[in-house]
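Working notes, structure below.
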Amino acid sequence: MKKITLITFAALAFTGIASAQLSVQKGGRVEVGPFKAEYDRPSLDSLLLFPTTTAADSPDNGISPMASKSFVSIDKNAALTVLGRRNNVSGGYIAFGNDRNVTVGEWAGREDSDILQLRGIQGLRFESGNAEIFKYYCSRYSDNATVKFIFNCDVKGPAFLVTSDERLKSDIEDLDVSTADFSGINPISYRLKAAPAPARAASATEDGCEETVGPAAPDPRTRYGFSAQEVKEIFPDLVCEDEDGYLSVDYIGFIPILVDAVKSLKAEVEEQKSVIESLTARENAPQRAPGKDGGQAGIDGPAVVRPSLAQNRPNPFTATTVIECTLPESVADASLRIYDLQGKQVMKLAVEGRGSTSVTVDGSTLAAGMYIYALIADGREIDSKRMILTD
């Protein structure tokens, strides 16, 4: 069989260079590919033995020159060389199956590109050992409209960049997660289990073959993150479901959400700090005789009492909370009014006291959530603040 094969290869090699497709060289090296007219010689050997004029193409480096309008180097140490039809015999490739749907070769975007091209018109799949390492399937083999590059192993690199130029975005809106209830998302530690093979792996494909290799098993180290099911309840846009029903979380998408939450929390802390400083200054102030309007008398006369509204305490609260305020004696009618975030009034409480006074809010009649409360004195809004009622 070996002798017959060699005879066949030899016959192909000497059928004429213009039509030759396969040639066996010394040492068993095989060259495959047609040649342009400018490469035509009496035999392929005359091409390979054409003298070189550069040190880089010397016989010692394993490269033999091939003649054209300029010298072309062919690796004579390679067991197989695939030649193309373009300048410098570039653009050669190996095709598998019908048409050029699955190929490995040199990218022919321009002549002699020296760029490796892998082409799988329906996707790409890489296996190592008895496991699938990564895959990219187009719509024909994916039930999910959004095709993805899926790795079954950790991916390491100095950086991971996400396209984020504002010029490539539409429908841009400021983010506001101040009303989001993060208590439903619990940080967890866990170890990954091996993902089961896709449901279609056990079924025969169109040509009768069966897919038997499943995803690679992950390493057993401890990891940290969230449950995708919990995240989906609050931020459904951060969760994707694959064709087998398994969920994935967009952890990078969490970054702007957490930044906005920190900004909202910082604003509340600054507001509460201001109220605490005001109350502390009031408690430490020297006591004076009461003035006419419930204020404190100064050296030059009674102090002027200005209406004000403080932050409720505690906040957040689960049952009741106290809202302190200050009203001059001259105010005839005052009330605290509570609104939901849609602007609907859900509660009205009369403020009977004057000077420094307070009102207690019973949260049992309200649903858990965020509310806005305002102090109204003689038909005029004095101030408004937010409060949070939890389960």
- Task: Describe numerically, in nm with one decimal, the distance between label points set 7 Å from Cα along Cα→Cβ at Ser183 and at Gln272.
- Result: 1.4
- Message: Could you compute the net charge surrounding Glu268? Neighbours are other residues with a C-beta less than 12 Å from the C-beta of Glu268; K and R count +1, D and E count -1.
- Response: +3
- Item | Pairwise label distance in nanometres, Asn98 with Ser308, each label 7 Å out on the Cα-Cβ vector | 8.2
- Query: Considering amide H positions built from the backbone, and no H for Pro or chain starts, which residues 5 or more places from Val351, or on another chain, come under 5 Å of its amide H?
  - Reply: Ala334, Ser335, Leu336
- Remind me, relative contact order of the range 303-391 in percent, using alpha carbon pairs under 8 angstrom and six or more residues apart? 34
- Any chance you could run the full-extension gain for Glu241 through Met347? It's 0.36 nm times the residue separation minus the Cα-Cα distance, nm to one decimal. 33.9 nm
- Message: From the alpha carbon gyration tensor of the range 303-391, can you work out the equivalent ellipsoid semi-axes (sqrt of 5 times each eigenvalue) and give them in Å, largest to smallest?
- Response: 23, 13, 10
- Note on the structure: Ranked output for segments 169-177, 183-191, 80-88 by mean other Cβ atoms within 10 Å, highest leading, reads 80-88, 183-191, 169-177
- List every residue whose amide H lies under 5 Å from the amide H of Gly214, counting only residues 5 or more places away in sequence or on a different chain, with H placed 1.01 Å from N in the peptide plane. Glu132
- ³J(HN,Hα) across the range 230-244 via Karplus (A = 6.51, B = -1.76, C = 1.60, θ = phi - 60°), whole Hz, x for Gly/Pro? 5, 4, 4, 5, 10, 10, x, 6, 8, 10, 10, 10, 8, 5, 9
- Message: Sort Val155, Val359 by Cβ crowding within 10 Å, fewest neighbours at the top.
- Response: Val155, Val359
- Estimated FRET transfer efficiency (Ser170, Val259; beta-carbon r; R0 25 Å; 0.05): 0.70
- Once amide hydrogens are built 1.01 Å from N within the peptide plane, the residues lying 5 or more places from Leu83 or on another chain with amide H under 5 Å from its amide H are Val32, Gly33
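Only the coordinates and a few stated rules stand behind these numbers; no lab work does. Bear in mind that the values here come from a model prediction, so they are computed numbers and not experimental data. Glycine gets a Cβ as well: all are built from the backbone with ideal geometry, and neighbour counts include every protein chain shown.
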